[in-house]
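Reviewing the structure listed below.
The values are calculated or read from the model by the stated rules, or taken from the named source; none is laboratory data. Keep in mind that what you see is a predicted model, and the values were worked out from it rather than measured. Note that we place each Cβ from the backbone using ideal geometry, even for glycine, and neighbour counts take in every protein chain shown.
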Amino acid sequence: MMMDALTLDQFHVFVAVVEAGSFSEAGRRLNRAQSAITYAIQKLEEQVETELFDRTVYRPALSPSGLALLPQARRILDDVGRFRIQAREIKRGLETGLHLSLGALVPVGLLAPALAAFADAYPSVRLRIGIQPFSLDVRDSAGSREPADIHVVFGMLLPDTMVKRVIGAITLIDVAAPSHPLALAGPLGAETLRDHLQIVLTEGTKAPADQEIGVAAANTWRVTDLAAKHALLLAGIGWGRLPDALVADDLAAGRLVHLPTEDWNDNGALRHITLVAAYRRDEPLGPAGRWLLARLGGDADTQPPVS
């Protein structure tokens with residue numbers, strides 16, 4: 001027989017009988033006659049072509065088939081319940097998905113607690129995380145170039161069209177492999193740094209002149225991936241600037257050394273950097289986005305709306 005007449009009510013009655021311990025008690029809990037409960041179970045057994053209960057005992061006990069199928073029935077009811085909740089939330093304005101755009105130097109570990117809480121609070125909202133090059137101009141990415149709901153970037157890159165919330169800070173340090181010539185030098189000024197290859201995190205093309213902050217060397221290699229920059233520095237090919245949290249283990253193990261560089265053309269602007277989470281003023285966030293923004297900002301008391 002084709003199982004094309006299964007109903008949610010049959011699954012509901014099946015689980016109710018198991019939890020109540022008898023057909024009569026299930027009927028009382030569901031406010032139905034015992035005969036209606038019995039009929040629903042019989043129709044379900046006809047559909048699945050197997051007995052779900054052993055009726056040879058005083059109280060109905062699950063048959064081997066019923067024992068095997070019970071978890072599936074409960075899962076179906078749970079899935080339908082979540083479906084209904086999500087449908088109600090979407091009707092109330094809940095986003096179906098969010099796009100989070102991170103600057104390449106933003107340490108994901110800093111955001112992990114908030115993202116883990118978001119996964120628990122909004123399991124139905126899909127999250128897409130994009131990593132953008134350091135030199136990316138947020139004024140472009142906030143528009144048609146790279147649309148995102150929330151940007152996590154350096155605060156100094158944000159235009160006035162963005163609403164921002166401070167979420168933390170990172171410290172960037174200049175490093176090189178211990179075999180690099182700069183590792184053996186004393187205080188390093190701009191003239192010394194200019195003569196040594198610098199590994200720079202950038203976009204696929206050379207950054208515009210007004211985005212050359214943080215570049216001291218006459219000769220640069222440009223990479224679009226933070227891991228690639230890290231690997232080149234470990235190989236001793238050049239020197240460069242990385243978040244202190246990223247290189248802490250390398251410094252402790254002696255794989256990299258902290259270069260005693262003086263402030264050069266950035267006047268220290270790219271050493272201690274404020275991180276912000278931001279969104280476009282003309283594109284307000286929905287409830288899930290507002291919740292995530294609050295959590296990224298350290299508001300651990302933020303609770304999702306009760307459905």
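State yes or no: is residue 47 in a helix (DSSP H, G or I), more than 30 Å from residue 122 (Cβ to Cβ) and touching a Leu at 6+ places or on another chain (Cβ under 6 Å)? So residue 47 passes the test. For segment 25-52, filtered to residues that are touching a residue at least 12 places away in the same chain (Cβ under 8 Å) and polar (S, T, N, Q), the residue that is farthest from residue 71 (Cα to Cα) is 38. Just one of (1) loosely packed, with under 15 Cβ neighbours inside 10 Å; (2) touching a strand residue (DSSP E or B) at 6+ places or on another chain (Cβ under 7 Å); (3) at pLDDT 90 or above; (4) not β-branched (Val, Ile, Thr) fails for residue 39. It is (2). Residues that are assigned to a strand (DSSP E or B) and touching a residue at least 40 places away in the same chain (Cβ under 8 Å) within segment 53-68 comprise just one, 62.
Residue 110 fulfils the conditions (1) in contact with a Gly (Cβ under 7 Å, 6 or more places away or on another chain); (2) assigned to a helix (DSSP H, G or I); (3) modelled with pLDDT of 90 or more except for a single criterion, (3). Restricted to segment 113-124, and to residues there that are surrounded by 12 or more Cβ atoms within 10 Å (Cβ to Cβ) and at pLDDT 85 or above, the residue that is nearest to the chain's Cα centre (by Cα) is 115.
Taken over segment 151-190, the residue count meeting the criterion of being modelled with pLDDT under 85, within 26 Å of residue 255 (Cβ to Cβ) and of a type in the set (Asp, Glu) is 0.
For every residue, the table says whether it meets (1) surrounded by 12 or more Cβ atoms within 10 Å (Cβ to Cβ); (2) under 45 Å from the mean Cα position of the chain (by Cα); (3) of a type in the set (S, T, N, Q); (4) under 30 Å from residue 147 (Cβ atoms).
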position: 18; (1), (2), (3), (4): yes, yes, no, no
position: 23; (1), (2), (3), (4): yes, no, no, no
position: 30; (1), (2), (3), (4): yes, yes, no, no
position: 67; (1), (2), (3), (4): yes, yes, no, no
position: 71; (1), (2), (3), (4): no, yes, no, no
position: 84; (1), (2), (3), (4): no, yes, no, no
position: 96; (1), (2), (3), (4): yes, yes, yes, yes
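Scan segment 274-307 for residues that are modelled with pLDDT of 80 or more and touching a Phe, Trp or Tyr at 6+ places or on another chain (Cβ under 8 Å) and the total you get is 10.
Residue-level analysis places residue 148 among those that are modelled with pLDDT of 80 or more, part of a loop (DSSP other than H, G, I, E, B) and of a type in the set (Gly, Ala, Ser).
When the criteria are applied in full, residue 65 fails the requirement of being under 30 Å from residue 271 (Cα atoms) and either hydroxyl-bearing (Ser, Thr, Tyr) or in the same structural domain as residue 242 (by TED's automatic domain parsing) (or both). Could we say that residue 217 is part of a helix (DSSP H, G or I) and either at pLDDT 70 or above or basic (Lys, Arg) (or both) here? Criteria not met by residue 217.
Summed over segment 233-258, the residues that are surrounded by 13 or more Cβ atoms within 10 Å (Cβ to Cβ) and over 21 Å from residue 171 (Cβ atoms) give a count of 2.
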